[in-house]
1. Condition first: over 30 Å from residue 574 (Cβ atoms), touching a residue at least 40 places away in the same chain (Cβ under 8 Å) and assigned by TED's automatic domain parsing to the domain that holds residue 73. Can you find one or more residues in segment 243-260 that meet it?
2. Filter segment 74-97 down to the residues that are assigned to a helix (DSSP H, G or I) and over 26 Å from the mean Cα position of the chain (by Cα) and list them by number.
3. For residue 67, state whether it is more than 16 Å from the ligand (Cβ to nearest atom), in a loop (DSSP other than H, G, I, E, B) and either within 30 Å of residue 170 (Cα to Cα) or under 26 Å from the mean Cα position of the chain (by Cα) (or both).
4. Whether any residue in segment 79-102 is touching a residue at least 12 places away in the same chain (Cβ under 8 Å), closer than 24 Å to residue 179 by Cα and within 16 Å of the ligand (Cβ to nearest atom) is what I want to check.
5. How many residues does segment 167-180 hold that are farther than 14 Å from residue 109 by Cβ and either within 9 Å of the ligand (Cβ to nearest atom) or surrounded by 20 or more Cβ atoms within 10 Å (Cβ to Cβ) (or both)?
6. Out of 316, 306, 359, which single residue is surrounded by fewer than 16 Cβ atoms within 10 Å (Cβ to Cβ) and not assigned by TED's automatic domain parsing to the domain that holds residue 557?
7. Do you know which of the residues in segment 192-203 that are touching a helix residue (DSSP H, G or I) at 6+ places or on another chain (Cβ under 8 Å) and in contact (Cβ under 8 Å) with a residue 60 or more places away in the chain is nearest to the ligand (Cβ to nearest atom)?
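The values are calculated or read from the model by the stated rules, or taken from the named source; none is laboratory data. None of these values were measured; they are calculated from a predicted model. Positions of Cβ are generated from backbone atoms using ideal geometry, with glycine treated the same way; all protein chains shown enter the neighbour counts.
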Ligand code: SF4
């Protein structure tokens, strides 16, 4: 009997101390592989089907190992869930372990900037009122995590958070009470640090460049929801520059001048020129596609030259005026850094090694220069003699093997193992493809799909997730279902947490949602017995990141569809399917509204990658829902 058996076994600590814990052979098998990978500093890919209990399967060996560990999750919500729900359950068994939660900089209040803007913005009453509310919260919070304040939105963030550029670090008068640095210090002291993938890869890309890193060195890294990694990683290798850096600098320069009496018309004039050039740049980005060359040729080049001249003039001016205040000195350094980084636009690109792409955001643009081959960079990070890397997810395999994820991460040799879901999909699920649907991706498809599934939804008395690949299809379905008497909840009408709570608590309801509800959502039991997916979730080849990734694959001699779009769609589809069955007693119907799984050659690969389950015609699907339906008044 090993130490793990004392925790996972039939009379183990977990069964005796965690309410609802179920002993599962797959879970202890996974825990053993994690334990061995930790001991041998291996790279391991572990696919743990829904219901395996993968979180405890990696947490227990981590705690037993006494090695400093980072656990990275897909989203901030999952990060909070791990920190405040799963880890406290184990905390009782490992009371001495120190656990820290660390998020990215923009999640923490910057008291210095809040105070500064409370002084400067005396004329903007609405913003001032919101800043005062944040200030009252700041007096009570113990973490400074802005997720605790509902008033905060993207427009307020620049006033109350710092960036790498404008943070004063240890020279800051508020450094001792700074929530960001307090959280980082706790992470340095902790045994287990919970982060999200964006922070992990921001840190890894910094380490790669030998710049001061955010996270302390650790001996074990567990990457949960690891299927998301290839996409996230590309954003952090290479270089990028975004419009927020310019708008923040312009705002801060104006604030500094306000505090000094607005007495330098020449500097204020240069700031206005820079602002005008950047707003033209944002405007052009919104009017163009993600294609950088196109953007450059339709007017981007002239604007780039204007911004470049403004930055050069501003640099000269800042050398003279920066002695007037600490704030202006900080702005001078930022102008210099921006001017350095702006060569991303002005220098020619080696197109054999790099790709340029533009990402539009709510507030402006983000221009990236990414290496075509990220797998080599990543592989070097993961093959280390002193660190174990464990990649886990319910969906890592495509067509039954790990080749796609291994290639994407540049790790050809690794431990790999699948742990089957304990659920019996052959008896717990029926699947259905509604007949005679047109090719998807247009309104006619959505209309006919809604018409086809409506009898199923009625027979099921709601209890349905209707998941879409686009907002357009979701909104059209909302209009088409408008007259139904069942309660309908739609993504965007309230926060994600509130929507899920409303769905769980409102008997017989329907949730209409897009991608963010395809994963990380757990609704057990009779509240959810039908999941409908409108079409195979192929990324649009016109979106910047898929386009850049496909270009990279094709430049390297691969096939963008086969090597990227298809595996990516299969993994997303499996994530969506995974919402249906969340326990051994759940039963349900899975509907896929995409006739291409029968008509296209790749349909076989898609079918082979889904769990084995009976596919039935729509009449049998209706009867099945009737059979599994709880009686009225349940
Ligand atoms: S150290 Fe940086 S983040 Fe912290 S309060 Fe100061 S400026 Fe803000």
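1. Scanning segment 243-260, I find no residue that is over 30 Å from residue 574 (Cβ atoms), touching a residue at least 40 places away in the same chain (Cβ under 8 Å) and assigned by TED's automatic domain parsing to the domain that holds residue 73, so the answer is no.
2. Correct list: 91 only.
3. Values: more than 16 Å from the ligand (Cβ to nearest atom): yes; in a loop (DSSP other than H, G, I, E, B): yes; either within 30 Å of residue 170 (Cα to Cα) or under 26 Å from the mean Cα position of the chain (by Cα) (or both): yes.
Judged against the criteria, residue 67 is a match.
4. yes
5. Number satisfying all stated conditions: 5.
6. From the options 316, 306, 359, the qualifying one is 316.
7. Among those residues, the one meeting the criterion is 202.
Yes/no per residue for (1) over 28 Å from residue 20 (Cβ atoms); (2) part of a helix (DSSP H, G or I):
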position	(1), (2)
545	yes, yes
570	yes, yes
573	yes, yes
576	no, yes
579	no, no
605	yes, yes
622	yes, yes
